[in-house]
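Heads up: the structure comes next, in structure tokens.
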Amino acid sequence: MGNDHSHQSPPEWDSKEWAERELREAQERQKQAEEAARRAGEAAERATREAEEQRQKKRDAQLAAERAAQAAREVAELIRQQKEGTEKAEQRAREEAEARAREEAEARAREEAEVHAREDAEARAREAAEARSREEAEARAREEAEARAREEAESHAHEEAEALAREEAESRAREQQAREEEILQERQRQEEEARRQRAIEEKTRRTRRAKEEAERKAREAAELARKVQAEREELERQLRRGIQPVVKPTLEEIRLAKAKVQYDDAMFHFAVAGIAGSGKSSLINALCGMNNSDPNAAPTGVNETTMEISRYVDTAHPERFAWYDVPGSGTLGTPDWQYFNSQGLYVFDCVLVLVNNRFTVTDQAILRNCHHFQIPTFIVRSKSDQHILNLMMDM
């Protein structure tokens, strides 16, 4: 039996080793399964994050599309309002021209009627005076004739002959006077006819001038309407091509913008613009000869610290140069193509566009508007040392 026990012991030890080996392999497989489960969990988390990022990008794209559509609707509304204003202005111009033409014609007609009335009254007064003179002369002549007849009846025969001679002379004198009066009346009639002819010619000239003036104003109104229509068509064409328009400010807007930035004709005004966090305030402090910690220095920080245009005087030349820190684009809720006008950049003498990592659409809009308004512009690259260091670390 002892020999049997000695022969059966080795298989028991083999089984024990085999069981331990199986246990170790099972533990190793369990570790591998746990590692695979952990990796699968991490992969699921990455997939979840990527899906969330895709959904966020999709939401951002939808918001951008909605903002673009809203901007397009606002531009279309602005064009419609401009068209209505142009049509109203044309209508008012035509009505005012017609009203002025009617008033001028009525005034000229009244003046001419008054002139004719005065001339007719003067002519009638002259004719009445002449008639009274003739009647008085005839009355005096009759009285004289009667007196002479009485005298002649009492006189001698030779006196009758003398009276007859005198009467003949007086008759010839009266005839001569009548002829002279007729000649005078004919001359006056001719002068009156000449005056009337000159009045008619003057009226004709005034009417012709009024007609030419009305035609000139009509041509100017038509030319203005044509220009407005051409500008409207150009704006619509640019919108269809995706080009944002350059909006011209009014004189009142320019005056208000200059008052807002305390514009002084004796000084030179620099505006520093760019995206938020590009280092505009630090650049202004350096150009003005100040440190970021100085009491009057422009505030700096990681986040955008400028929400309104701030004015800073050059410490070296306070009476010559003024620097302005313009709020960064992307912080005011203003479309890129409206940023230039909303900040009043058209009143500055020079504009510095500060570029950080990328050249943005707002930067392009600022440069395009500066070129349109003929404002000197400089592009400044900020944080260059940091970019160079990052490139060196990536190499």
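Quick notes on this one:
- Selected residue (criterion: farthest from the chain's Cα centre (by Cα)) from residues of the range 70-102 that are closer than 24 Å to THR207 by Cα and open to solvent by 90 Å² or more (accessible area, probe 1.4 Å): ARG102
- Looking across ARG209, ARG216, ARG189, one residue alone is open to solvent by 100 Å² or more (accessible area, probe 1.4 Å) and under 30 Å from ARG92 (Cα atoms). It is ARG209.
- Cβ pairs under 6 Å, 6+ apart, first in the range 358-375 and outside the structural domain of TYR339 (by the TED database) and farther than 13 Å from ALA273 by Cβ, second in a helix (DSSP H, G or I) and open to solvent by less than 90 Å² (accessible area, probe 1.4 Å): none
- Residues satisfying the stated conditions in the range 228-266, i.e. part of a helix (DSSP H, G or I), under 18 Å from the mean Cα position of the chain (by Cα) and modelled with pLDDT of 80 or more: LEU251, GLU252, GLU253, ILE254, ARG255, LEU256, ALA257, LYS258
- Residue that is least open to solvent (accessible area, probe 1.4 Å), among those in the range 267-280 that are modelled with pLDDT of 90 or more and out of contact with any Phe, Trp or Tyr (no Cβ under 6 Å at 6 or more places or on another chain): VAL272
- Any hit, the range 285-303, residues being closer than 29 Å to GLN70 by Cα, open to solvent by 60 Å² or more (accessible area, probe 1.4 Å) and either at pLDDT below 75 or assigned by the TED database to the domain that holds SER382 (or both): yes
- Checklist (1) under 30 Å from ASP264 (Cβ atoms); (2) in a loop (DSSP other than H, G, I, E, B); (3) more than 22 Å from the chain's Cα centre (by Cα) applied to PHE378, failing item: (2)
- Flag if GLU152 is of a type outside the set (Gly, Ala, Ser), open to solvent by less than 60 Å² (accessible area, probe 1.4 Å), more than 60 Å from the chain's Cα centre (by Cα) and within 30 Å of HIS116 (Cβ to Cβ): no
- Any hit, the range 48-59, residues being under 59 Å from the mean Cα position of the chain (by Cα), in contact (Cβ under 8 Å) with a residue 60 or more places away in the chain and open to solvent by 90 Å² or more (accessible area, probe 1.4 Å): no
- Flag for ALA105 being over 35 Å from the mean Cα position of the chain (by Cα) and closer than 24 Å to ALA222 by Cα: yes
- Any hit, the range 121-128, residues being closer than 25 Å to ALA199 by Cα, open to solvent by less than 70 Å² (accessible area, probe 1.4 Å) and within 60 Å of the chain's Cα centre (by Cα): yes
The values are calculated or read from the model by the stated rules, or taken from the named source; none is laboratory data. Predicted model only: the values in this text are computed from it and were never measured. For neighbour counting, all protein chains shown are included, and Cβ atoms are generated from backbone atoms with ideal geometry for every residue, glycine included. With ligands, DNA and RNA removed, areas are computed over all heavy atoms of the protein, side chains included. Shrake-Rupley method; radii C 1.70, N 1.55, O 1.52, S 1.80 Å.
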